[in-house]
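The values are calculated or read from the model by the stated rules, or taken from the named source; none is laboratory data. Only a predicted model underlies this, so the values are computations on that prediction, with no experimental measurement involved. Counting neighbours? That spans all protein chains shown, and the Cβs are built from the backbone with ideal geometry, glycine included. Only protein heavy atoms, including side chains, enter the accessible area calculation; ligands, DNA and RNA are left aside. Shrake-Rupley method; radii C 1.70, N 1.55, O 1.52, S 1.80 Å.
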Amino acid sequence: MTERLDNTVALVTGASSGIGAATARELARRGAAVAIAARRKDRLDALVKQIQQDGGTALAIEADVTDKEQVRTLVAHTVDSLGRLDTVVNNAGVMLLGPIEDAPIEEWDRMIALNLQGLLYVAHAALPHLLSAAGTEPRRVADLVNISSVAGRVARRNSGVYNLTKHGVGAFSESLRQEVTERHVRVSLVEPGAVDTELPNHIRDEIRDQMMSRLTDIERLEAEDIADAIAYIVTRPRRVAINELLIRPTEQEG
């Protein structure tokens, strides 16, 4: 039986679009009160309105997760406003592809700051609250879901620093999992393949054109596909931990 998330609280980062927004809607549909965080407050407000219209509870919090103080405030605001924290979906990220040679160093800085440091800040700030929730009703288990990528499994040309960040997410997730699993905090890694989201929009035009040409004949995943997988992970019975989930479009070979 699929468990619901009634009387629990979830925090989703990078929730203004794509996988984050779809995940917030899905967790709210399953009964969680959802705090949604991103920098684009107007989009967060629109998502809160949508969730509320569907009968759910949501709280929009404008935050830049690359700023550790804003992350501490984000987590504290979530707990103060909604009462606890049972589920965290560490989704905020950016993909800036291109050759390593002559690469704009600023792109590397952005990926390291968001994909790694931001994820670490959220995990660090949320962990005490997740441990507390794991010891109490209603579920006596808590979840930290870190969003990686197939790029965290396979290194490819023109993806060097993006590969670095996503391999780092995988290593961190497994180490943390070993530290907290006996206390019923489940740490899960989700590695999507090609998903139809805004993520490629940040790539330089010439690089994006090359990348998208390789995906022309592939039916890409929808954000809702990943949200469904995340909801599956966090609604398993207390005895079940989904440690790692690689999700590709059926037609994607690599």
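Within the range 114-125, residues that are open to solvent by 10 Å² or more (accessible area, probe 1.4 Å) have Cβ atoms under 7 Å from residues that are modelled with pLDDT of 95 or more and among the hydroxyl-bearing types (S, T, Y) in these pairs: L114/T66; L116/T165; Q117/T66, counting only partners at least 6 apart in sequence or on another chain. Residues in the range 135-149: is at least one in a helix (DSSP H, G or I), of a type in the set (A, V, I, L, M, F, W, C) and surrounded by 15 or more Cβ atoms within 10 Å (Cβ to Cβ)? No, because not a single residue in the range 135-149 is in a helix (DSSP H, G or I), of a type in the set (A, V, I, L, M, F, W, C) and surrounded by 15 or more Cβ atoms within 10 Å (Cβ to Cβ).
Mind listing whichever residues of the range 38-53 are of a type in the set (A, V, I, L, M), under 18 Å from V75 (Cα atoms) and part of a helix (DSSP H, G or I)? Selection gives L44, V48.
Name every residue in the range 177-199 that is surrounded by fewer than 19 Cβ atoms within 10 Å (Cβ to Cβ), more than 16 Å from the chain's Cα centre (by Cα) and of a type outside the set (V, I, T), in order of residue number. Residues satisfying the conditions are Q178, E179, E182, R183.
Within the range 65-103, the set of residues being part of a loop (DSSP other than H, G, I, E, B) and open to solvent by 40 Å² or more (accessible area, probe 1.4 Å) comprises T66, D67, G83, R84, P99, I100, E101, D102. Here A33, A46 are screened, and the one residue that is within 19 Å of A126 (Cβ to Cβ) and among the aliphatic types (A, V, I, L, M) is A33.
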